[in-house]
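The values are calculated or read from the model by the stated rules, or taken from the named source; none is laboratory data. Treat the numbers as computed from the prediction; the structure is a model and nothing was measured. Don't worry about glycine lacking a Cβ; one is built from the backbone with ideal geometry, like all the others, and counts go over all protein chains shown. Calculation scope for accessible area: heavy atoms of the full protein, side chains included, ligands and nucleic acids excluded. Shrake-Rupley method; radii C 1.70, N 1.55, O 1.52, S 1.80 Å.
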Amino acid sequence: GMMDGSRFQDFFQSMYDGVLITDRVGRIVDVNQKSCKMCRCSRETLCAMSVTEVVPGVDQSLLDSVGEALQADRHVLIDTSCRRFDETTFPCEVAVTMLHISEEGQYCFFIRDVTDRQEAEQRLRVQEEELRIGEETLQASLDQLRSREVELARERDLLQLLMDSIPDRIFFKDSECRFVRINATLAHFHGLSDPLDSIGKNDFDFFEADVAQLFFEDDQKVLQSGEPVLDKMQKIQRPD
């Protein structure tokens with residue numbers, strides 16, 4: 001059967017949302033405790049007002065269109081703000097339904113405070129913005145890195161060009177005595193068509209073992225002492 005008055009009041013007062021019941025022109029006829037708490041005022045204060053004063057986003061033209069929408073069984077949901085009686089406002093979501101309790105019908109406004117949700121959305125927006133800035137920074141770093149790589153490649157090419165234009169035999173080795181780079185003169189001396197073909201090889205790939213061993217020992221002295229070996233005469237016998 002129909003909910004009796006006291007049970008209706010219990011239900012009405014225990015609702016999570018603030019509820020304002022108004023007549024068809026928006027005059028407030030009843031409110032629950034939650035709406036008093038939200039608006040920081042008494043029940044008497046609210047019941048002496050119109051919904052348009054409490055929810056500035058609701059005006060007479062909206063009330064008229066709400067009536068039409070509700071009669072056509074369409075849902076009405078409004079994002080707006082609600083006024084507190086200490087001159088502050090809070091963002092809210094307002095759902096409106098029709099109550100067929102009296103002859104002329106009444107509206108029921110459910111007011112939900114969405115401050116927390118808006119703050120969460122704002123935090124999310126801030127995080128997304130930080131992420132976007134992070135991605136842009138990363139992209140800028142990558143671009144910088146790429147341009148540095150291009151610069152290094154240009155420097156390597158220039159170094160190779162300088163080395164290749166010198167008639168002396170020039171090479172770089174790593175700490176394992178493997179060739180890292182040689183010039184065209186040395187490549188020609190070793191019978192290589194391209195200086196790059198020397199990379200990773202060592203003297204044992206090009207000379208008799210006893211000759212390569214002598215070179216290896218000289219290299220080790222330089223590595224261990226950190227001192228240059230200067231004016232050293234080396235006699236190299238080619239296979240031919």
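In segment 190-205, the qualifying residues are those that are in a helix (DSSP H, G or I) and open to solvent by less than 40 Å² (accessible area, probe 1.4 Å), and the one that is farthest from PHE215 (Cα to Cα) is PRO195. Quick check: anything in segment 213-230 among the hydrophobic types (A, V, I, L, M, F, W, C), surrounded by 12 or more Cβ atoms within 10 Å (Cβ to Cβ) and either part of a loop (DSSP other than H, G, I, E, B) or touching a Leu at 6+ places or on another chain (Cβ under 7 Å) (or both)? Within segment 213-230, none of the residues are among the hydrophobic types (A, V, I, L, M, F, W, C), surrounded by 12 or more Cβ atoms within 10 Å (Cβ to Cβ) and either part of a loop (DSSP other than H, G, I, E, B) or touching a Leu at 6+ places or on another chain (Cβ under 7 Å) (or both).
Please enumerate the residues belonging to segment 39-61 that are aliphatic (A, V, I, L, M) and over 19 Å from PHE90 (Cβ atoms). Give the steps one after another, and end with the answer.
At the first step, the residues of segment 39-61 found to be aliphatic (A, V, I, L, M) are 46, 48-49, 51, 54-55, 58.
Selection gives ALA48 alone.
Checking each residue in segment 144-186 for being among the basic types (Lys, Arg) and assigned to a helix (DSSP H, G or I) picks out ARG146, ARG148, ARG154, ARG156.
Only helices (runs of 4 or more DSSP H) whose full extent lies in segment 1-61 are considered here, and the ones with at least 2 residues that are modelled with pLDDT of 80 or more are 33-39, 43-47, 51-54. Considering segment 184-216 alone, what residues qualify as being over 19 Å from PHE172 (Cβ atoms) and without any contact (Cβ under 8 Å) to a residue 24 or more places away in the chain? GLY191, SER193, ALA209, ASP210, GLN213, LEU214, listed by residue number.
Each residue in segment 22-45 was checked for being in contact with a helix residue (DSSP H, G or I) (Cβ under 9 Å, 6 or more places away or on another chain), under 14 Å from CYS108 (Cα atoms), open to solvent by less than 70 Å² (accessible area, probe 1.4 Å) and in contact (Cβ under 8 Å) with a residue 24 or more places away in the chain, and 5 of them qualify.
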